[in-house]
Amino acid sequence: RVGGFELGLVPDAQPGQHGAQVLWGVPDAVVELKRLLAMGARLHEDVKDVGGDIKVASVLDPFGNVLGIIENPHFKASEVK
């Protein structure tokens, strides 16, 4: 379970960069991107402001899958039901 949601993985799926991109909420996209790169992830898309002070970025895991991060100062976890 992640943030109240269940994360399901398909063990026999093919890794890749196609399809929907999941964005993990982080408090600071620049700091988190640096941390992910320091752990061995490869840069996919650098941090960019997509409007409304919302920033996104993404990296590639060791299998070539995309992991996206989002810094959204307007998101309120307490309002998710």
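The values are calculated or read from the model by the stated rules, or taken from the named source; none is laboratory data. For clarity, every value in this text was computed on a predicted model and none was experimentally measured. Cβ placement follows ideal geometry from the backbone for every residue including glycine, while neighbour counts extend to all protein chains displayed. Protein only, heavy atoms only, side chains kept; ligands, DNA and RNA dropped before computing areas. Shrake-Rupley method; radii C 1.70, N 1.55, O 1.52, S 1.80 Å.
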**Fill in**
By residue number, the members of the range 29-57 that are crowded, with 17+ Cβ neighbours inside 10 Å and either out of contact with any helix residue (DSSP H, G or I) (no Cβ under 9 Å at 6 or more places or on another chain) or at pLDDT below 90 (or both) are ALA29, GLU32, LEU33, LEU36, HIS44
**Prompt:** If we keep just the residues of the range 62-81 that are closer than 22 Å to HIS18 by Cα and in contact (Cβ under 8 Å) with a residue 40 or more places away in the chain, which is surrounded by the most Cβ atoms within 10 Å (Cβ to Cβ)?
**Reply:** ILE69
**Complete:** Those residues of the range 1-28 which are open to solvent by 100 Å² or more (accessible area, probe 1.4 Å), over 20 Å from LEU60 (Cβ atoms) and at pLDDT below 70 amount to ARG1, PHE5, GLU6
